[in-house]
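The block underneath contains the structure these notes are about, expressed in structure tokens.
The numbers here are math on the coordinates, done by the rules we state, and not lab data. What you see is a predicted model, and the numbers here were worked out from it, not measured in a lab. Glycine also receives a Cβ, built like all others from the backbone with ideal geometry; neighbour counts cover every protein chain displayed.
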Amino acid sequence: MNKYSESLIVCFTLCLALLAIPAIAQDAVYVNKVGGGTSSVKGKITQMTPEGVTIDGKNFEASKVSRISVGKEPTAVNRMREEMVDGQYANCLAGLAKLKNVPDEPLLLQEIEFMKAFCSARLSLTQGAVSPEVAGKAVKGFLAKYPNSIHTYPATEQFGRLAYSIGNPKLAASEFEKLRVAKWEEYRMRGQFLHGRMMSVLGQPGKAKADFDAILKQSSNSDESDRFKLLAQCEQARIEGLTSGGAAALEKLNKLVKNESDDNAELFAHLYNAMGAIYEKSGNLKEARDAYLHTQLLFSSVEDPAAEALYRLSKIYVDLENPKRAGEAKRELQSKYRNSYWVKKGS
């Protein structure tokens with residue numbers, strides 16, 4: 001064997017030895033890119049707060065982080081994370097229940113507990129498959145154990161929604177209040193909007209209007225801020241119509257209907273409910289019925305406004321001397337939105 005062949009053998013052996021050495025597992029932060037997609041930054045996550053995450057000395061705002069992964073996490077965890085993001089909450093929970101030999105890594109355990117809590121909350125609020133009490137216990141436990149997680153704001157929102165669903169809008173408002181001070185714009189405006197809605201439910205229109213005014217004063221023009229500004233306009237018109245001038249408020253709402261696309265189901269569900277409330281307040285029950293029917297029939301995927309529409313219809317049909325339709329609306333409300341505030345209000 002010549003020296004060249006010996007060198008090749010030595011090189012080949014060395015390569016095999018290097019391949020046999022396991023790669024050091026690294027954490028990763030996936031950052032949203034302008035125009036779509038994500039880029040990953042790998043290393044060691046050294047700090048997390050509700051406002052962001054630090055990896056190898058680089059800090060990324062929570063609003064720009066798509067997700068994180070932990071170096072020691074089982075491969076299946078990321079699949080479950082994707083199921084959670086895609087709304088496959090039951091699949092995610094089932095997968096998490098089957099996990100075995102999970103490494104005792106604090107950040108990994110935090111991720112798993114958040115997924116369990118978040119999926120439980122969403123299953124409770126969207127399908128009624130988990131009781132609000134069970135879901136609330138899971139979310140509250142997560143928040144108590146990990147108060148400085150990058151998932152704190154999403155978990156706080158879900159806890160507020162669960163409190164609202166069991167008929168406690170006052171507690172919900174106190175949770176949404178925590179979001180109103182977030183540096184993360186999306187959650188700050190979300191907190192202002194949800195807090196404003198709770199003030200409306202609690203019969204405090206002045207405080208509700210202050211929340212919606214704060215949203216409209218935001219200088220940002222991102223997709224999220226535009227979303228909440230439209231919703232705030234809608235809810236402000238509702239307050240105006242219920243407290244002062246119905247005709248002027250209806251004109252504003254009809255202008256939104258004309259100018260905006262009904263692909264925006266969330267906005268249109270709130271729009272038609274606002275119209276329904278104003279018509280109902282003025283005694284125009286047939287017009288109110290028709291407005292609420294728009295929400296029920298066309299925008300039933302937007303849970304809270306759709307549940308409110310059914311609740312209102314169950315009352316209006318009684319006044320219109322149509323007990324059959326009143327019973328149908330009440331049964332649909334109880335069946336489709338069983339863990340809704342409006343079911344508790346109507347019971």
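By the helix-only formula, in which each DSSP H run with n ≥ 4 contributes -39500 (n - 2.57) and the sum is divided by residues, the chain has a 222 nm mean residue ellipticity of -21500 deg cm²/dmol. Using the Kirkwood radius over Cα pairs, work out the Stokes-Einstein diffusion coefficient for the stretch 118-210 at 25 °C and 0.890 mPa s, in µm²/s as a whole number. Rounded, D is 186 µm²/s. Structural descriptor for the stretch 170-244: relative contact order 25 percent, calculated from alpha carbon pairs under 8 angstrom and at least 6 residues apart. Taken about its Cα centre, the chain carries a charge dipole of about 600 debye when Lys and Arg each add +1 at the Cβ and Asp and Glu each add -1 at the Cβ.
Cα convex hull of the stretch 170-244: how many Å³ per residue?
Details: hull volume 5.3 nm³, N = 75.
Spread over its residues, the Cα hull of the stretch 170-244 gives 71 Å³ apiece.
When each of 176, 299 is scored by the number of other beta-carbon atoms lying within 10 Å, the sequence from fewest to most is 299, 176. Within the shell of other residues whose beta carbon sits under 11 angstrom from the beta carbon of residue 112, the net charge comes to -2, with Lys and Arg scored +1 and Asp and Glu -1.
Could you give the length gained on full extension between residue 244 and residue 109, defined as 0.36 nm per residue of separation minus the Cα-Cα distance, in nm? Don't jump to the answer; show the numbers that get you there.
Working: separation 135, 0.36 × 135 = 48.60 nm, distance 5.26 nm.
Between residue 244 and residue 109, full extension yields 43.3 nm more.
Taking a Cβ cut-off of under 12 Å around residue 69, the surrounding Lys, Arg, Asp and Glu residues balance to a net charge of 0, with basic ones at +1 and acidic ones at -1. All other residues whose Cβ lies under 11 angstrom from that of residue 32 are scored, Lys and Arg at +1 and Asp and Glu at -1, for a net of +2. Each residue of the stretch 194-204 is assigned a 3J(HN,Hα), and the resulting list reads 5, 5, x, 4, 5, 5, 5, 4, 7, x, 10 Hz, derived from the Karplus form 6.51 cos²θ - 1.76 cosθ + 1.60 (θ = phi - 60°), x at Gly and Pro. Rg and Dmax over the alpha-carbon atoms of the chain stand at 25.2, 103 Å. Taking 0.890 mPa s as the viscosity and 25 °C as the temperature, the Stokes-Einstein diffusion coefficient of the stretch 27-69 based on its alpha-carbon Kirkwood radius rounds to 242 µm²/s.
Placing R0 at 51 angstrom, the Cβ-Cβ distance between residue 319 and residue 97 gives a FRET efficiency of 0.60 after rounding to 0.05.
I need 151, 270, 195, 294 ordered by Cβ neighbour count within 10 Å, fewest first. Walk me through the numbers before you get to the answer.
Working: 151 22, 270 29, 195 26, 294 19.
Fewest-to-most Cβ neighbours within 10 Å comes out as 294, 151, 195, 270.
Magnitude of the charge dipole for the stretch 27-69, about its Cα centre and with charges confined to Cβ atoms of Lys, Arg (+1) and Asp, Glu (-1), is about 140 debye. Checking every one of the trypsin sites (Lys or Arg not before Pro) in the stretch 81-174 against DSSP loop status and a limit of 14 other Cβ atoms within 10 Å picks out 98, 100.
In the chain, the longest principal axis of the Cα atoms and the axis of helix 285-298 are about 20 degrees apart.
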